[in-house]
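Trainee: Quick one: the structure is below, and I'll ask about it shortly.
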Amino acid sequence: MQSWKGLFFVLLSSVLIFAMGAFFMRALAASEYRYRSLFADSPEALVIYDLDSLLIVDANAAVGRLLGHDSTAMIDRLVSDFMPQPTTDALTRSLPRLRELSQSTAVWRLRHQDGRELDISIHGQTYLEKGRRLRQVLLIDITARVRAETELLRTLDELASTNERMRELGHAISHDLQEPLRQITSFVQLLERRYADRLDAEATQFIGYAVEGVARLKTLLADVEDFTVHTGPQPESVAANAVIDTVLNDLERSIDGAHAQVAVGGLPRVLADPRRLAVVFHTLLDNAVKFRRPDVPCEIVISATDEGRDWVFRVQDNGIGIEPEFRTSVFSLFRRLHTRQRIPGNGTGLALAKKMVESWGGRIWVEAAPGGGSVFAFTVPGADA
C-alpha cells in the first residue's frame, strides 16, 4: 500500500509539474510573440543599448532599413559607430543625464551606411534589467522636415533683406529722385515765362509736353513709393459698409460723370486695416468706372460671401472685361492692357491692391462676369477669425 501511494504521489506530481511546465512554456511563447510584435516586427525603428558600455543589445529590422545596415549585425556594436563625431561628443556629455532620466527626447544626427547624415528624432526610456542600465529608443527620420525648416528660414532671411532694400528704394524715390524732377519743372516753367514772347507755338507745345511728362513721372514715383514702403497698423475689426461709403464719397464725381449705378449688399465686419481696405475698394471701383463699355450703362455690384474663416468680397462690373491670358498679369506693377490715351492711369492700382490684400494674408483674383465684364474677388479674415 505504501508503495502504491508513493507511486501515485510521484505520478500526480509528475502530471502537475508537466502541466505547470506546459503553462509556463505557453506563457513564455506568448511573451516572445508579444516581444516580436512590439519590438522586433514593429514598423517603427527601435534599438536597445547599454548605457555603461554603449553596446547595442538589440535592434529591430526597421532600424536596419533606416540606417542601411543588417539589424542583427548591429548587435554588440557601439552606438557611436553609427554617429558622426559631433553626435558622439553630444552623447558623451548627455550620459549622466540619460542614466538619471526615465524618459527624454532629443534630435541626433546619425550616419547612414552610404555616408549620408540623417536628422533623427530620438525618444528614449531608461530601465534596469538584471542590474544593467539599458535604454530603449525610438528613432524617427525628420531629415526632410529639418531641411524644409532650414529652407524656410533661409527664405525668410532673404525676404527680410529684400524688404530692407525696398525700404531703401522707397527712401530714394521719396527724397533723392524727387529733387531733380522739381528742378527740371522749375527751369522749364521759368524758360516758358521768360521767353514766351520769343517762342513759337511749336516750342510752347514742346514745353507743355516736358512739364506734363515730368508731372507724370512724379506720379509714377509716388505710386512706386506707395508700393514699396506702404505700411499700416495692425488689423482691427472694421465695418466694410462704412469703408465702402467713404470710398463712394471719394469717387462721387467720377461715378456721377459715368452715370454708373453702384449696388452694395449687406457687408460684414472684417479684420483689416480700414485704410488698406479702402485702397482696395477704391482701385476696384475706379477701374470698374474707367473700363466701362461706352454703349452700355455702367453697373457695379459689391457683395460678400462667408467662406468659413474668411469673407470673399466681389466687385462685379459689366465693362469691357479681361481676356483669360491677362487675368494674372494685370496685378503686376505698371502692367497696362490699354494705351494711356484711351484710358488714363499708370498701371499701379491693381498691383498696390494685391499688396494690400496680401498684407493681411488674403488673396485676390479676377474672373469673367456673366454677360460680360469682370468680377474682382479678394478674401479678408472675418472679425471673429
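The values are calculated or read from the model by the stated rules, or taken from the named source; none is laboratory data. On a predicted model such as this, the values are computed, not experimentally measured, just so you know. Ideal geometry is used to build each Cβ from the backbone, glycine not excepted, and the neighbour counts take in all protein chains shown.
Trainee: Got a sec? Which of A45, A61 is at pLDDT below 90, crowded, with 16+ Cβ neighbours inside 10 Å, closer than 19 Å to T105 by Cα and not hydroxyl-bearing (S, T, Y)? Outline the logic, then answer.
Mentor: Working: A61 fails: closer than 19 Å to T105 by Cα.
The match here is A45.
Trainee: Look at segment 66-80 and say how many of its residues are surrounded by 13 or more Cβ atoms within 10 Å (Cβ to Cβ) and either in contact (Cβ under 8 Å) with a residue 60 or more places away in the chain or in a helix (DSSP H, G or I) (or both).
Mentor: Counting residues in segment 66-80 that are surrounded by 13 or more Cβ atoms within 10 Å (Cβ to Cβ) and either in contact (Cβ under 8 Å) with a residue 60 or more places away in the chain or in a helix (DSSP H, G or I) (or both) gives 6.
Trainee: Which residue out of F334, F313 is outside any helix (DSSP H, G or I) and at pLDDT below 80? Don't jump to the end; show me each part of the working.
Mentor: Details: F313 fails: at pLDDT below 80.
Within the list F334, F313, the selection yields F334.
Trainee: Do you know which residues across segment 89-116 are assigned to a helix (DSSP H, G or I), hydroxyl-bearing (S, T, Y) and touching a strand residue (DSSP E or B) at 6+ places or on another chain (Cβ under 9 Å)?
Mentor: Start the filter on segment 89-116 by keeping residues that are assigned to a helix (DSSP H, G or I), which leaves 89-100.
Subset that is hydroxyl-bearing (S, T, Y): 92, 94.
Of everything in segment 89-116, just one residue is assigned to a helix (DSSP H, G or I), hydroxyl-bearing (S, T, Y) and touching a strand residue (DSSP E or B) at 6+ places or on another chain (Cβ under 9 Å), namely S94.
Trainee: A further question follows. Please indicate, with yes or no, whether at least one residue in segment 141-158 is of a type outside the set (V, I, T), in contact with a Gly (Cβ under 9 Å, 6 or more places away or on another chain) and at pLDDT 85 or above. Write out each step before concluding.
Mentor: Our first condition is that a residue be of a type outside the set (V, I, T); within segment 141-158, this holds for 141, 144-145, 147-149, 151-154, 156-158.
If we keep only those that are in contact with a Gly (Cβ under 9 Å, 6 or more places away or on another chain) too, we end up with none.
The answer is no; no qualifying residue exists.
Trainee: Further question: Just one of E236, E212 is surrounded by fewer than 14 Cβ atoms within 10 Å (Cβ to Cβ), at pLDDT 70 or above and within 39 Å of the chain's Cα centre (by Cα); which is it?
Mentor: E236
Trainee: What is the residue count in segment 295-310 for residues that are under 12 Å from V264 (Cβ atoms) and of a type in the set (A, V, I, L, M, F, W, C)?
Mentor: We begin by selecting, within segment 295-310, every residue under 12 Å from V264 (Cβ atoms); these are 300-304.
When the remaining residues are screened for being of a type in the set (A, V, I, L, M, F, W, C), the result is 300-302, 304.
The total comes to 4.
Trainee: Additional query: When you check V262 against the structure, is it under 19 Å from V366 (Cβ atoms), at pLDDT 85 or above and of a type in the set (A, V, I, L, M), yes or no?
Mentor: Numbers: under 19 Å from V366 (Cβ atoms): yes; at pLDDT 85 or above: yes; of a type in the set (A, V, I, L, M): yes.
So V262 passes the test.
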